[in-house]
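See below for the structure under consideration.
FYI, it's all coordinate maths here, none of it is from the lab. No experiment lies behind these values; they were computed from the predicted model shown. Because the Cβ atoms are built from the backbone with ideal geometry, glycine has one as well, and the counts that use them run over all protein chains shown.
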Amino acid sequence: MQLAFIGLGRMGSGMARNLLRAGHGVTVYNRTREKTKALEADGAAVADSPAAACRQAEAAITMLSDDDAVAEVVFGESGVARALGRNAAHISSSTISTRMARLLATRHAEAGQGYLSAPVFGRPEAAEQKKLVVIAAGPEDLVARFRPLFEAVGRETVVAGREPWQANAVKLCGNFMIAAMLESFGEAYAALRKARIDPHVFGHAMDALFASPVYANYGRIVAEERFEPAGFQLKLGLKDMRLALENARECAAPMPLASLLHDHFLAALANGQGEMDWSSIARVAARNAGL
Ligand code: NAP
């Protein structure tokens with residue numbers, strides 16, 4: 001398939017590379033051009049604008065920071081929406097709001113273009129190794145047509161529903177679960193450190209209980225306080241808690257724990273941790289314990 005890939009940050013670079021490896025023709029665009037060099041060396045064509053990347057594309061995949069970045073890249077003067085052909089589709093893999101996903105679906109439909117939401121779980125290493133979990137949603141025929149792209153970047157594709165925003169709701173609730181785990185590690189480790197117990201001993205016990213690579217990986221990162229360089233920046237984690245709460249409000253489903261997590265991410269941001277990994281939320285509990 002001929003594809004446009006827009007947004008070569010921590011996640012997008014690995015995803016674009018795996019699409020090339022799967023044999024697709026990929027034209028990339030990134031706001032900071034420097035980041036396109038490695039992909040160009042791997043065989044990607046490089047475009048000067050999102051529109052230029054989209055002209056021949058059957059699908060345009062975006063992997064950008066947030067709603068504002070997606071709005072700029074899609075609806076801007078040389079944006080995706082102006083250049084993508086009729087019957088081509090935009091696939092948004094960024095973690096964005098359910099509201100933005102509905103706006104994208106409407107605006108693309110008005111232009112005769114398809115739209116799917118396909119946010120992903122997994123950190124940059126997983127993106128590089130084709131181990132992401134893709135949550136796709138949208139019209140069944142479009143999901144079927146573009147499933148090979150999800151299979152090229154991930155180890156599993158879960159279809160969340162026929163309306164694109166449903167995939168974003170799943171992604172936001174999933175990140176809420178992971179954030180809750182990070183908060184639990186922070187609180188437990190603070191108590192254990194004061195009880196003079198090695199967090200790795202606790203980590204072993206939790207591995208035996210949960211047998212989850214996500215628990216094992218984050219348990220080690222928090223125990224070793226490996227918060228830099230960030231795999232997932234805390235300021236983006238804060239964005240996700242805000243969006244999870246927005247979705248909760250839309251659905252009239254209170255999420256009191258998400259409110260607490262939002263405030264703890266905000267406290268961490270206020271303490272200069274915005275560019276650290278989001279697992280550094282554990283420092284909030286440590287500070288509260290006088291550590
Ligand atoms: P990142 O490394 O900060 O990359 C962000 C990308 O967005 C960069 O390509 C950046 O371009 C681009 N961008 C930001 N604002 C823009 C604008 N106004 N116009 C054009 N381009 C813009 O972020 P990431 O970690 O890859 O995350 C990308 C998305 O995936 C986010 O929605 C995040 O929540 C989600 N996600 C992240 C992870 C993770 O572990 N990192 C996992 C799953 C999902 P420049 O290079 O020019 O700055």
Can you give me the Cα centroid spacing of the stretch 1-59 and the stretch 234-291 in angstrom?
32
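With a 10 Å Cβ neighbour count serving as the proxy for reagent exposure, in which order, fewest first, do Phe150, Phe121 appear?
On the way: Phe150 23, Phe121 20.
With the sparsest Cβ surroundings first, the list reads Phe121, Phe150.
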Rounded, prolate or oblate (a/c below 1.5 giving rounded, otherwise prolate when a/b exceeds b/c) for the stretch 231-291 by Cα gyration tensor
oblate
Convert each backbone phi in the stretch 239-254 into a coupling constant with the Karplus relation 6.51 cos²θ - 1.76 cosθ + 1.60 (shift: θ = phi - 60°), then list the ³J(HN,Hα) values in order as whole Hz, x for Gly and Pro.
4, 5, 5, 4, 6, 5, 5, 4, 5, 4, 5, 4, 8, 6, 10, x
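Per the Kirkwood definition applied to all pairs of different Cα atoms, how many angstroms is the hydrodynamic radius of the stretch 196-242?
12.0
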Search the structure for amide H atoms under 5 Å from the amide H of Val46, placed 1.01 Å from N in the peptide plane, and list their residues when 5 or more places away or on another chain.
Val28
Of the convex hull enclosing the alpha-carbon atoms of the stretch 169-288, the direction-averaged projected area in nm² is 7.3
Taking the chain, how much of its Cα-Cα pair set, in percent, is spaced more than 34 angstrom apart?
22
So Ala191 and Glu151, fully extended at 0.36 nm per residue minus their Cα-Cα distance, gain in nm 10.2 nm
Taking the beta-carbon count within 10 Å as an exposure proxy, list Thr62, Thr157, Thr106 from fewest neighbours to most.
Thr106, Thr157, Thr62
May I ask what percent, to the nearest 5, of DSSP beta bridges between residues of the stretch 2-162 are antiparallel?
10
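How big is the C-alpha Rg of the stretch 2-162 next to the rule-of-thumb value 2.2 N^0.38 Å, as a ratio?
0.91
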